[in-house]
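The values are calculated or read from the model by the stated rules, or taken from the named source; none is laboratory data. Since the structure is predicted, the reported quantities are computational estimates derived from the model, not experimental observations. Heads up, the Cβs are rebuilt from the backbone with ideal geometry, glycines too, and the neighbour counts pull from every protein chain shown.
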Amino acid sequence: MRVAVFSTKAYDRRFLDRANAGGDHVLDYFEARLDATTAALAAGYRAVCVFVNDRLDAATLGILAAGGARAIALRCAGYNNVDLAEAERLGITVVRVPAYSPEAVAEFTVGLLLALDRNIPRAWSRVRENNFALDGLMGRNLSSRTVGVVGTGRIGALVARSLRLGFGCRVLASDVAQDTGLVAIGVEYVSRDALLRQADIVTLHCPLTPDTRYLIDAAAIAAARDGLTIVNTSRGALIDTAALIEGLKSRKIGGVALDVYEQEADLFFEDLSNEIVQDDVFQRLLTFPNVLITGHQAFLTEEALSAIAQTTLASLSQIEAGQVPANQVTPELVRPSP
Ligand code: NAD
């Protein structure tokens, strides 16, 4: 199949070319992000391959369909950036990579939490300047804390397991479905409200849907324990960033670790070190000493990229062979929780 690959980085190309060594598909790489202004680049391609910040809204999908595209392959698990109903209406099949390496994201989440909690990035920048003073670097033991895990799917379950068995935390969980394996190791399922009220640390691992958008908003922050720590490696819009900043300013929130950000599409995955960043909200976030941000890199391991490339190409082969692809995404997946 002829595939237009958007938002290509050198590492995408390396792993996709390796997975396509047999030459099953023709892969043409574009650095541009896919949206309505770049969709014409895909004219004549049967499929497009995209990532988290490509915007596949109705306008983009219309241009893709007119150009002959019949398949969209997401190189990621999330699918909140695709208008699935419109894709279905246009006869475009959408596939994703539901589970490429949940370990990659879960391990990064725990790493981010520890780095924030124990001030590791601040300590490292001090030591590089021969400043070995410890004032301001006080942390707290993880083992004494209650952690709330929102969404105990592939990634959330690994995080819950690691925090419960590895660190001895009390772990609360909220999900539309309970994982009996987690219950067996002492993870306690509670309502989302109860979790937000009782947790010292909240870590987000549910998908972004209409039901979960702004799950952490001003009301949730007001109801939380003083000094709450928030970790988000899922999707930026699970958090209302304006409310987060107010919570940090008032010290209601004690720490924030983010790998994702609501408006990340204008920032992440690019080197903007010589640019003037226009996003004042993001710049304000960077000013807090108790905020740690990475640029959507939790997935970035050798194992994950290899699995993403293999699953993506296998899905395209299934579509080309006229089969129903195993990892198809349909509008039914985006339904509110009961
Ligand atoms: P998953 O589908 O295995 O798990 C998601 C879980 O969330 C499921 O158990 C589901 O029942 C639950 N859920 C759905 N709606 C909910 C709600 N309203 N409240 C509570 N729980 C709810 O997905 P996963 O593989 O664990 O991935 C989780 C998220 O992580 C993805 O949606 C994606 O956005 C994000 N992600 C981020 C990165 C990164 O690099 N930062 C990489 C991969 C995935």
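Please work out which residue is farthest from Leu163 (Cα to Cα), limiting yourself to region 132-152 and to residues that are within 16 Å of the ligand (Cβ to nearest atom) and in a loop (DSSP other than H, G, I, E, B).
Per the stated criteria, the residue is Gly151.
Any idea how many residues of region 193-214 are under 25 Å from Gly111 (Cβ atoms) and either within 16 Å of the ligand (Cβ to nearest atom) or not in a loop (DSSP other than H, G, I, E, B) (or both)?
Residues flagged as under 25 Å from Gly111 (Cβ atoms) and either within 16 Å of the ligand (Cβ to nearest atom) or not in a loop (DSSP other than H, G, I, E, B) (or both) within region 193-214 amount to 13.
Being part of a helix (DSSP H, G or I) and aliphatic (A, V, I, L, M) is the filter here, so list the residues in region 89-124 that pass it.
Ala104, Val105, Ala106, Val110, Leu112, Leu113, Leu114, Ala115, Leu116, Ile120, Ala123, listed by residue number.
Regarding Ala177, is this residue surrounded by fewer than 19 Cβ atoms within 10 Å (Cβ to Cβ), farther than 23 Å from Thr287 by Cβ and among the hydrophobic types (A, V, I, L, M, F, W, C)?
It is true that Ala177 is surrounded by fewer than 19 Cβ atoms within 10 Å (Cβ to Cβ), farther than 23 Å from Thr287 by Cβ and among the hydrophobic types (A, V, I, L, M, F, W, C).
Please enumerate the residues belonging to region 173-186 that are within 12 Å of the ligand (Cβ to nearest atom) and not in a loop (DSSP other than H, G, I, E, B).
Within region 173-186, the subset within 12 Å of the ligand (Cβ to nearest atom) is 173-179, 182.
Scanning region 173-186 gives Ala173, Ser174, Leu182.
For Leu165, are the conditions met, namely being within 16 Å of the ligand (Cβ to nearest atom), part of a helix (DSSP H, G or I) and either under 22 Å from the mean Cα position of the chain (by Cα) or in the same structural domain as Thr203 (by TED's automatic domain parsing) (or both)?
Against the criterion (within 16 Å of the ligand (Cβ to nearest atom), part of a helix (DSSP H, G or I) and either under 22 Å from the mean Cα position of the chain (by Cα) or in the same structural domain as Thr203 (by TED's automatic domain parsing) (or both)), Leu165 does not qualify.
Tell me whether region 106-117 contains one or more residues that are over 13 Å from Ala309 (Cα atoms), buried (at least 19 other Cβ atoms within 10 Å of the Cβ) and not assigned by TED's automatic domain parsing to the domain that holds Val159.
no
Is there a residue being closer than 30 Å to Ile72 by Cα and in contact with a Phe, Trp or Tyr (Cβ under 9 Å, 6 or more places away or on another chain) anywhere in region 110-125?
We begin by selecting, within region 110-125, every residue closer than 30 Å to Ile72 by Cα; these are none.
Taking every residue of region 110-125 in turn, none turns out to be closer than 30 Å to Ile72 by Cα and in contact with a Phe, Trp or Tyr (Cβ under 9 Å, 6 or more places away or on another chain).
Looking only at strands (runs of 3 or more DSSP E) that fall completely inside region 1-88, which ones have 1 or more residues that are aliphatic (A, V, I, L, M) and within 16 Å of the ligand (Cβ to nearest atom)?
It comes to 47-50, 71-74.
Which of the residues belonging to region 215-237 are within 12 Å of the ligand (Cβ to nearest atom) and either surrounded by fewer than 24 Cβ atoms within 10 Å (Cβ to Cβ) or part of a loop (DSSP other than H, G, I, E, B) (or both)?
Leu215, Thr233, Ser234, Arg235, Gly236, Ala237
Please work out which one of (1) outside any helix (DSSP H, G or I); (2) in contact with a helix residue (DSSP H, G or I) (Cβ under 8 Å, 6 or more places away or on another chain) is the condition Glu129 fails and give its number.
Answer for Glu129: the failing condition is (2).
Looking at region 296-308, I want the residues that are within 7 Å of the ligand (Cβ to nearest atom) and have a partner that is of a type in the set (S, T, N, Q) and assigned to a helix (DSSP H, G or I) with Cβ atoms under 8 Å, at least 6 apart or on another chain. Which pairs are those?
Matching pairs, first to second residue: Ala298/Thr109.
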